[in-house]
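Accompanying notes for the structure given below.
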């Protein structure tokens with residue numbers, strides 16, 4: 001970990017670490033280091049404004065304040081956390097303490113569709129039921145976590161995360177001319193609770209069109225699907241091999 005931090009500092013690059021994700025992690029660090037994971041990470045000097053901490057489920061109030069003080073970015077991955085039964089991150093508390101918090105998906109092993117639209121919906125509902133407060137994790141707050149919040153977590157809010165003069169042209173166009181989008185009352189509520197990834201029609205990244213009217217323009221979709229299925233066969237075959 002210390003070596004990774006030195007490399008991060010040398011190249012001024014992000015240091016991504018899964019932190020305080022599982023109770024077993026908390027128990028292990030307590031047993032071997034007599035402190036909690038976030039405390040230990042800070043002790044060895046790997047918490048900084050280059051650190052991106054994924055999950056951060058098992059964090060108390062003082063640790064949340066420490067993350068904010070160190071400028072650590074936090075990636076909240078609610079669907080992965082639910083699928084693995086890892087727990088519920090203290091997102092409302094992190095929002096109140098102005099932690100650099102963004103929304104993520106984790107990987108396909110613990111999140112099948114990797115959709116930020118689904119993450120916004122799940123995050124809003126998860127923290128409402130967990131806190132028993134229907135006003136917790138509002139649609140606007142969850143939309144911000146998926147946009148400017150993610151940019152803040154990466155310390156890139158001056159370049160990306162919102163549509164403003166001088167920022168990169170990262171734009172997603174959504175088709176709302178369909179039955180399940182009618183009627184529309186509140187834009188944030190609609191984007192979080194109604195929109196699905198299949199409603200996205202056009203995607204522009206830094207001014208470059210990647211998808212136009214639901215057609216990928218930089219990738220061969222049939223080739224991607226073919227290669228994915230070939231990897232699927234290899235993975236299944238590897239799992240069926242007898243153990244040595």
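The alpha carbon convex hull volume per residue for segment 20-78 rounds to 71 Å³. Listed by Cβ neighbour count within 10 Å, with the fewest neighbours leading, 144, 158 appear as 158, 144. Modelled this way, with points 7 Å down the Cα-to-C-beta line, the labels at residue 1 and residue 93 are 2.0 nm from one another.
Note on residue 49 and residue 214: their simple-model spin labels are 4.4 nm apart, each label 7 Å out from Cα toward Cβ.
In terms of other Cβ atoms within 10 Å, 74, 26 run from fewest to most in the order 26, 74.
Only Cα pairs under 8 Å and 6+ residues apart enter the sum, and on that basis the relative contact order of segment 123-244 stands at 16 percent. Here the chain carries DSSP beta bridges of which approximately 45% are antiparallel, counting only pairs with both residues inside.
In the chain, Cα pairs under 8 Å separated by at least six residues give a relative contact order of 12 percent. Put in line by how crowded their Cβ is, counting other Cβ atoms within 10 Å and starting with the fewest, 38, 235 read 235, 38.
Length available on full extension from residue 187 to residue 223: 0.36 nm per residue minus the Cα-Cα distance, which gives 9.3 nm. Computed extension length for residue 128-residue 18: 37.1 nm, one decimal, from 0.36 nm per residue of separation with the Cα-Cα distance subtracted.
In segment 169-244, the inverse of the mean reciprocal separation of distinct Cα atoms equals 15.6 Å; this is its Kirkwood hydrodynamic radius. Per the Debye calculation on the chain with a single equal scatterer at every Cα and no solvent contribution, log₁₀ I(q)/I(0) for q = 0.09, 0.10, 0.13 Å⁻¹ amounts to -0.47, -0.58, -0.96.
Applying 1/(1 + (r/R0)^6) with R0 = 41 Å to the Cβ-Cβ distance of residue 10 and residue 204 gives a FRET efficiency near 0.75.
Every number in this text was worked out from the coordinates using simple rules, so none of it is lab data. Because the structure is a prediction, the values reported are computed rather than measured. No Cβ is skipped: glycine too gets one built from the backbone with ideal geometry, and neighbour counts run over all protein chains shown.
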